[in-house]
Amino acid sequence: MYAWEGGPALVQTVDFFTPIVDDPYIYGQIAAANSLSDVYAMGARPVTALAIAAFPEDEIDSETISAIFRGGFDKLREAGVALLGGHTVRDREIKFGYSVTGAVDPARILTNAGAKPGDRLILTKPLGTGIVGTAIKFGRASTAVVEHAVASMRTLNKAAAEAIANLDGVHACTDITGFGLAGHASEMAAASHVTLTMAAADLPIIPGVIEMVSSNKSGGMGTNREHFGSGVEFGPDVDGEIRDLVFDPQTSGGLLIAVSEAAAGGVMSALQTAGVSARFVGSASPGGISKLRIS
């Protein structure tokens, strides 16, 4: 964050990745939504973006490149963000995303370090996009599952961020992306010096994903387990599929929001009124070891 004297603070983020779906236009939309997510998680309003792209020299046609950029631009326009330019390089593998600048009131910036004992936890999107992305690569995903995942990944976190922007009792927020629920939630627990407890039955999951977990584990899932496993504790009755799912890297995932018990009902009502399919997934308790517990 960079605070100007007498004005809003600036926040900046950057994100880009390889294609997760076959359709180039949708890929561009998802990349834009994913890149904007960090700004929304900070309680900020994204205002400008610079495109970052890498394309093979001879293995991709101009129509495909155009569709990727058009998808990203249309999603930026939906978010009210001005595209100021960007940079493209040659690479053997396609990559696309944005560097995004946002504006935020420095007195109301959200971080992952503000959760307090007694807070309720809200998650605004279902889990499982990494599993679906892996299944797409190998032709193992049904049309229905892909449609659910794509709809989630194309959805901006704009409505959720705006719904909570001026509400009291919102203590912490983070977006669930590459580190998965396990990584981002355990980081919130550690930064806030609390323990986050979630019930497996309360976690929102893309329909059909549980049946796909065992045969569609990505390398990122293993990496997340290696890095964040020590900060996650599972109850004895938690199924193996759920244990894998919480480490699944998410693309353009939802917001994990910590709100006071007193404000929880009003925050959930505001999210639902904004059309966000939010769900209560757990609570925060005094730190101790400061980790994520799934029961």
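The values are calculated or read from the model by the stated rules, or taken from the named source; none is laboratory data. Only a predicted model underlies this, so the values are computations on that prediction, with no experimental measurement involved. All Cβ positions, even for glycine, are placed from backbone atoms using ideal geometry, and neighbour counts span all protein chains on display. Heads up: the accessible areas ignore ligands, DNA and RNA and are worked out on the full protein's heavy atoms, side chains in. Shrake-Rupley method; radii C 1.70, N 1.55, O 1.52, S 1.80 Å.
Scanning segment 178-192 for residues that are part of a loop (DSSP other than H, G, I, E, B) and either among the small types (Gly, Ala, Ser) or modelled with pLDDT under 95 (or both) yields a single hit, Gly178. Taking segment 22-60 as the range and being within 17 Å of the chain's Cα centre (by Cα) and not in a helix (DSSP H, G or I) as the test, the residues that pass are Met42, Gly43, Ala44, Arg45, Pro46. Scanning segment 241-275 for residues that are touching a residue at least 12 places away in the same chain (Cβ under 8 Å), open to solvent by 10 Å² or more (accessible area, probe 1.4 Å) and out of contact with any Leu (no Cβ under 8 Å at 6 or more places or on another chain) yields Glu241, Arg243, Asp244, Pro249, Thr251, Ser260, Glu261, Ala262, Met268, Thr273, Ala274, Gly275.
Residues checked against (1) without any contact (Cβ under 8 Å) to a residue 24 or more places away in the chain; (2) open to solvent by less than 30 Å² (accessible area, probe 1.4 Å); (3) within 20 Å of the chain's Cα centre (by Cα):
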residue	(1), (2), (3)
Gly71	no, yes, yes
Asp74	no, no, yes
Leu83	no, no, no
Gly86	no, no, no
Val100	no, yes, yes
Asp105	no, no, no
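Screening Gly231, Gly222 for residues that are open to solvent by 10 Å² or more (accessible area, probe 1.4 Å) and more than 19 Å from the chain's Cα centre (by Cα) leaves exactly one candidate, Gly231. The residues on offer are Thr195, Thr174, and the sole one that is open to solvent by 10 Å² or more (accessible area, probe 1.4 Å), polar (S, T, N, Q) and not in a helix (DSSP H, G or I) is Thr174.
Taking into account only those residues within segment 203-240 that are part of a loop (DSSP other than H, G, I, E, B) and of a type in the set (Gly, Ala, Ser), which is farthest from Leu127 (Cα to Cα)?
Within segment 203-240, the match that is farthest from Leu127 (Cα to Cα) is Gly235.
One residue stands out in segment 25-42 among those that are in contact with a helix residue (DSSP H, G or I) (Cβ under 9 Å, 6 or more places away or on another chain) and surrounded by fewer than 22 Cβ atoms within 10 Å (Cβ to Cβ): the one that is nearest to Asp175 (Cα to Cα), namely Ile26. Would it be correct to say that Ala262 is over 25 Å from Leu36 (Cα atoms), outside any strand (DSSP E or B), hydrophobic (A, V, I, L, M, F, W, C) and at pLDDT 95 or above? Yes.
Taking the listed residues Arg120, Arg92, the one that is among the basic types (Lys, Arg) and either crowded, with 17+ Cβ neighbours inside 10 Å or under 18 Å from Ile26 (Cα atoms) (or both) is Arg120, with no other qualifying.
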